[in-house]
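Please treat every number below as a calculation from the coordinates, not as lab data. Every value quoted in this text rests on a predicted model; they were computed, and no experiment measured them. Reconstructed Cβ throughout: ideal geometry from the backbone, glycine too, with neighbour counts over all protein chains shown.
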Amino acid sequence: ASILVLHGPNLNLLGTREPETYGRDTLDDINKRIQSQCQDAGHAVTILQSNAEHELIDAIHKARIQLVDFIVINPAAFTHTSVALRDALAGVAIPFVECHLSNVHAREPFRQHSYLSDIAKGVICGFGATSYTLALIAAFDALGANT
Ligand code: DQA
């Protein structure tokens, strides 16, 4: 199957960005693990990081045309602000997992609301880079159930 992994704003800074909250892995380290996990499971993966809301929205729209089967998204700060990202995901109706490195529920109150969670297949947060590994396991599982 075909999987799209989206990383939102500031995740390009991983490794040096607040390492006590987000860990020391760089986005490149995480992406390499995502690539090999998908390859081992026999799935094709496309990965995109953007700091721009419209680029993430455009990638979600394109995913429908490209017949992407599943999306894993760490919307980063857009989680807590973006009705537009929510509408894009709802609009293409591609199942997705929302994923966060940190446990957003143990942080500031403004991080405890997500515009995406109630339309996600599920949400994984708090396990650092392992959150992506777990999100992909959930994606593979959901894809298996569809075939
Ligand atoms: C984050 C959590 C968000 O609240 C924050 O704005 C981020 C990263 C995470 O992965 O823990 O940029 O999505």
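Report, largest value first, the span of the C-alpha coordinates of the chain along each principal axis, in whole Å.
Cα spread of the chain along its principal axes, largest to smallest: 39, 32, 24 Å.
Would you mind ranking SER36, SER117, SER102 so that the residue whose beta carbon has the fewest other beta carbons within 10 Å leads the list? Walk me through the intermediate numbers first.
Working: SER36 11, SER117 14, SER102 18.
In order of increasing Cβ crowding within 10 Å: SER36, SER117, SER102.
When the helices in the chain are scored as -39500 (n - 2.57) per DSSP H run of 4 or longer and the sum is shared across all residues, what 222 nm value do you end up with, to the nearest 500 deg cm²/dmol?
Values: 5 runs with 59 residues, N = 147.
One gets -12500 deg cm²/dmol as the mean residue ellipticity at 222 nm.
Give me Rg/Rg_expected for segment 3-51, where Rg uses Cα atoms only and Rg_expected = 2.2 N^0.38 Å with N residues.
1.20
What are the ³J(HN,Hα) values, in whole Hz, obtained from phi via the Karplus relation 6.51 cos²θ - 1.76 cosθ + 1.60 with θ = phi - 60°, for each residue of segment 120-129 in sequence order, with x given for Gly and Pro?
7, 5, x, 10, 10, 8, x, 10, x, 4
Nearest 0.05, what FRET efficiency do ASP29 and ASN103 give at R0 = 25 Å with Cβ-Cβ as r?
Efficiency, from the Cβ-Cβ distance: 0.75.
Within a 10 angstrom radius of the beta carbon, how do ASP29, ASP40 rank from fewest other beta carbons to most?
Neighbour counts put them in this order, fewest first: ASP40, ASP29.
I need to check one value: relative contact order of the chain, counting alpha carbon pairs closer than 8 Å and at least 6 residues apart, in percent.
27 percent
Sticking with the crude label model, points 7 Å out along Cα→Cβ, report the distance from ALA44 to GLN66 in nm, one decimal please.
0.9 nm
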